[in-house]
Amino acid sequence: MAHALELHDVHIAVGGRALIDHLDLVVSPGTVTTVMGESGAGKSSLLAFLCGTLSPAFAASGRVVAGGVDVSADPPERRRIGILFQDDLLFPHMSVGQNLAFGLPRSIDDWRTRSRLIADGLAEVGLAGFGDRDPATLSGGQRARVAVIRVMLSQPRALLLDEPFSKLDAATKGRFRPFVFDHVRKRSIPTLLVTHDPQDALAAAGPVIHLGSIDGAPA
Amino acid sequence: MVRRTLALALGAVAWLAGTAHAQPENWSAILEKARGQTVFFNAWGGDDRINTYVAWAGEQVKTRFGVTVQQVKLTDTAEAVARVLAEKSAGRSVGGSVDLIWINGENFAAMKRNGLLQPSWTHVLPNYRFVDTEGKPTTLFDFTIPVEGQEAPWGMAQVVFMYDTAQVREPPRTMVALSAWAKANPGRLTYPQPPNFLGTTFLKQALIELAVDPKRLAEPAGEDAEKVLAPLWPYLDQLHPVLWRGGRAFPANGPQQRRLMGDNEVDIAISFNPSEASSAIANKELPDTVRTFVLEGGTIGNTSFVAIPFNAKAREGAMVLADFLLSPEAQARKQDPRVWGGPTVLALDKLMAADRQRFVDLPLGVATLPPDRLGRVLPEPHPTWVERLEKEWQRRYATR
Amino acid sequence: MAAPVRDALNPARMLRFFPAATLVFLLGPILAGLLGTALPAFGFLPALGGEQLSLRPWEQLFATPGLATSIRLSLTTGLITTALALAIVVLFAAAWHGTAVFRWAQRLLSPLLSVPHVAVALGFAFLLIPSGWLMRMFSPWATGYTRPPDYVLVQDPAGISLILGLVIKEVPYLFLMVMAALAQVDAERYRTVARTFGYGPMVAWLKAVFPRIYPQIRLPIFAVLAYGVSVVDVAMILGPTVPPPLSVQLMQWFNDADLAYRFVASAGALLQFGLVIGAIAIWCFAERLVAYVGRRWIDAGSRGRSDGAIRAAAVIALAIAFIAILFSMAAMALWSVAERWRFPDAMPSVLTAANWLERTPDLWAIALTTLVIAVIAAIVATILVVGNLELETRRPEKIAQRSLWLLYVPLIVPQIAFLFGAQILLVWASLDGGLLAVVWGHFLFVLPYVFLSLADPYRSWDVRFARTALCLGASPRRVLFAVKLPMLLRAVLVAFAVGFAVSVAQYLPTLFAGAGRVSTLTTEAVALSAGGDRRLIGVYAFLQMALPFLAFVVAAAVPAWMFRRRRDLQVTT
């Protein structure tokens, strides 16, 4: 049932300089592969490429397969590759529940099923009854968990994490990191983590790729 | 005098000739065609009382003849002239946007010269026969230009001066005396800045009194213009330093000058409407101590008209409105100082008794001179003088 | 067959036509109008018998007595107004940015911005004249005057009252532009860094922040400059008359009964265009001078820690500008309910509602026309601006930064230089005199301001929200309508309100495109200002201020109500 996230011969360059040099990678379902590198090494560009939101200023080639489908030519919204940034990016004009509903696929069109999924999702992360709350009234840790549930409810074929823990304080980070990895494993989602924190890579307990050393820059 | 009579006669002949060539038009056919039309009446909109009067006339014409009237409120009549010109430039010879213009003097002269007006049409109006063409020759000669039926008379105007009796005990009776009064009361007199028509009229009024041969002004300005105008400049050179703001600023037009009087900034103001003071007192714009005086040698008078552009869309409707504006009923209401206070163009002795009574019953107004004390009416100079006056005035006083 | 049709109607594809449509609507008529002015300037206007090209209009123009003074007045008015307004705003921002005083000034901004120029000019004139409100407040008990003194305080030959009147109106506008620029450059941190090096707060701001925001406010400054050089309506109220600035002289020529003046007027209109370009050139030269001196000043490293006097002067200058507008508004409001108010009474002696009630049907019809035109023009402009900005975020390579200049064309080309020509175009197309033509005429000036107002918030919106939404499976259209526009609702509505206010204030475009048949509050106010009855001017000027103010109130209230339970979308300033 679960499929891997596959990158075939992915190459990204800007202004003639190669950021990602012909990368081949398979991320198995339920595992977390970590990509490490200095600022400007092309980590974020790689994620944007996988999402389909890479600026046309970059020259990019290669194939992306997610959920067993080649999504290389699809627009972002059809790829079903979810992403989490270091900021939770909850939509400030929506309630917590509306944020989650935004992530739910439209194919689930029964109103009662949708409400149940949202309520279950909140309960699962210890935020039962928070559906009507204004996201701005939540703590940083609570918001981060809502963001995770939101992306999970969208039933992604793969998940990308763009330094999602870097803005959290040490205590919250300590609780939140295993929380995310548990969810990924439980739902068998292939996950790519981008970070410059070696602790993150250790916690992810998966393969680690170093970027940036390829054209002579220090790794 | 002889020359003037001759000019009158020639003008009349020319006008009659024009009439003879015009298509005879049936008034009832015009009324028929006018029904349902919308007339865009382009009229200066700076006076609320006049706008209210125009709105009233529009309602009357709507209920009686089914003609809708919409006033296009102009800041300057020349705006409408410009619009007709723009339409001619664009080749629109029918369906124009201006149906009727309130006009006289140089605006009329310019439109007539450029062929922007409907040719002879006023003789068709049933009420035209009441016009006092004998007693008020300016209804046939607009600033000495023969009207030739291209505009219908609407109202009379005569220069008067308003003064505040709380400040001025004995008003001056000549332009020279006015200058002397200004010298004794510096900063309390001004006049609208030429080329505003009222300001130019102030210059003309002074020129008529000062000119060596005032009759020369009835003819077009020519080679001798400089000599004819010469006596005016020393007069103004002496007057300006003792004017309001030392002659370094002027009100833009008559109403602004009136506002200065209301603000107690000046004590004497020129006006083209003998009952302006009464109306402004009733309207609380001027204190009730204001009265009116005229000059010993007489003051300039003229007629204002309504004209139809060559490409008017609602030509028949415009004619119906022009005729209504000439009716004894509308003219009497116009002359009522509580409404507007604009003197009529009609000859009372041509009217039926009942209509004549409408005028007799009108109150005079607290600050208005009775007709027998308004003094002699002087004719407007030929319009060619206007440009000479304005240009030279600008060169001398509007540049530093 | 169906697929291509659906494809063509696909919003993403329709979006592509937005820049082209915007330019055609905007620049086409202006270029045509300029041509329609240029031909008569060289003697060509067949309707008046001008059928051959000649230089006679120019000879006549340069033979006009007082022309040199008129030109000098236009230039000095524009340059001094712009320099003074900019100095006040920059010094104020330098001295008070990040303080409670600054936030207080920010809060006052919307109501002040919404007041049309003409209303400010009318009120300001009444404030300042020797028989005006200021003098009335202090007479006769303090001044001893029972009759107003005879000083040339308004319409002075040097144009000082005109400059002051323009400055008080431009200060809020430039202040808004500076605020928008500040939001882009993280000014607080730069200044903090500079202060840690021992610079006084004001000098720190001038040296570390100002050089970074100036490029962003440069185009708005040019717009202010061009406006000052070529303004007509305000100059008619506050400007000198012996002689007037060139723009007013042109208006008189265009309106002269002697139609032959049309040729000179057209040549003058081109000269006016040249003056604007010349003024901008002078400004650019001054920019270099200031930049050179400024760099030396920065390099010298003076710390400027005792700036108390300048700080005080800056806040006083800004306060005077703001208070002058507020008092101008109050004066007009009072006149609208006055029956009699004579010198030296500080307040009207008799109050009445008659000024409002007796004209009600007419008044409301005109207010409604004004409202309809402004709403349509502002909505169309807002949609086009959102479309262009959205396209820009999706295909940044398609829209060059240079094209921003084109948006400013209507603000920099003097209205009088192309409106007469554009009028002929409208007549030729039989479009003149209708609401549609007026809406178009307003749109030319509404669009740039809407763009100016919306561009910064739109561009600085965090695109990661869009990426997150896309990756959650939302289509670009859903991202736009369900995420982006709701989050930007306040900015969009403020831009709409700015456009609305710009439309309400238009005088010449209404006059020319409407063939005089379309009356708005502004055309009525200017027409009445010729008539002189302040009570009626008060009524119209007051409504003229009230409509845009209401638009700003709506722009603030709608998001505040919709997001009353969303703390992150509350206004914090």
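Taken together, the values in this text are just the output of simple stated rules run on the coordinates, not laboratory data. Here the structure is a predicted model, which is why all the values come from computation and not from measurement. Note that we place each Cβ from the backbone using ideal geometry, even for glycine, and neighbour counts take in every protein chain shown.
Miscellaneous remarks
- Mean ellipticity per residue at 222 nm, deg cm²/dmol - from DSSP H runs of n ≥ 4 across chain A, formula -39500 (n - 2.57): -10000 deg cm²/dmol
- Cut-off under 5 Å, modelled amide H: who pairs with residue A:35 long-range: A:193, A:194, A:195, A:209
- Net charge dipole, segment C:63-352: roughly 1060 debye, given to the nearest 20, about the Cα centre with Cβ charges of +1 for Lys and Arg and -1 for Asp and Glu.
- Per-residue ³J(HN,Hα) for segment C:34-45, Karplus 6.51 cos²θ - 1.76 cosθ + 1.60, θ = phi - 60°, Hz, x for Gly and Pro: 4, 4, x, 8, 5, 4, x, 4, 10, x, 9, 7
- Furthest towards positive pole of dipole, B:27, B:344, C:65, structure part the protein assembly as shown, Cβ charges: C:65
- Residues residue C:185 and residue C:375, FRET efficiency given R0 of 41 Å [Cβ-Cβ distance, rounded to 0.05]: 0.75
- Placing unit charges on the Cβ atoms of the charged side chains and taking the dipole of the protein assembly as shown about its Cα centre, the candidate lying farthest along the positive direction among C:557, B:293, A:95 is A:95.
- Over chain C, relative contact order from alpha-carbon pairs under 8 Å, at least 6 apart, %: 23
- For the protein assembly as shown, the Rg and Dmax computed from alpha carbons only, in angstrom: 36.7, 121
- If you sort the three axes of the alpha carbon gyration tensor as a ≥ b ≥ c, you get a/c under 1.5 for chain C, which makes it rounded.
- For segment C:63-352, the square roots of the Cα gyration tensor eigenvalues, ordered a ≥ b ≥ c, give a/c of at least 1.5 with a/b no greater than b/c, which places it in the oblate category.
- Applied to segment A:95-100, the Karplus parametrisation 6.51 cos²θ - 1.76 cosθ + 1.60 on θ = phi - 60° returns per-residue 3J(HN,Hα) values of 6, 4, x, 5, 4, 5 Hz, with x for Gly and Pro.
- Each Lys and Arg adds +1 at its Cβ and each Asp and Glu adds -1 at its Cβ; summed about the Cα centre, segment C:425-573 shows a dipole of about 840 debye.
- For residue B:71, residues with placed amide H under 5 Å, excluding near neighbours: B:41
- Rounded if a/c under 1.5, otherwise prolate or oblate - chain B, Cα gyration tensor axes: prolate
- Among the DSSP helices (H) of chain B, those spanning at least 24 angstrom by Cα along their long axis with an average Kyte-Doolittle hydropathy of -1.0 or more are B:2-21, B:48-65; this is a geometric and hydropathy rule only.
- For segment A:75-142 and segment A:149-179, distance of Cα centres in Å: 14
- What separates the Cα centres of segment C:327-360 and segment C:121-145 is a distance of 15 Å.
- Segment B:269-299 and segment B:326-400: distance between their alpha carbon centers, rounded to Å: 12
- Cα-centre dipole for the protein assembly as shown with unit charges at Cβ (Lys and Arg positive, Asp and Glu negative), debye to 20: 2720
- Degrees between helix A:140-153 axis and first principal axis of chain A (Cα, 0 to 90, nearest 10): 80
- Degrees separating the helix A:170-186 axis from the principal Cα axis of chain A, which is the longest one: 90
- Cross-link reach list, lysines versus residue C:484, counting only Cα pairs under 23 Å and skipping chain neighbours closer than eight places: C:398
- Selection of chymotrypsin sites (Phe, Trp or Tyr not before Pro), segment C:97-163, meeting DSSP coil and at most 10 other Cβ within 10 Å: C:141
- Residue-averaged [θ]222 nm for chain C, counting only DSSP H segments that reach four residues, each worth -39500 (n - 2.57): -24000 deg cm²/dmol
- Separation in nanometres of the label points that stand 7 Å from Cα toward Cβ, at residue A:14 and residue A:2: 3.3
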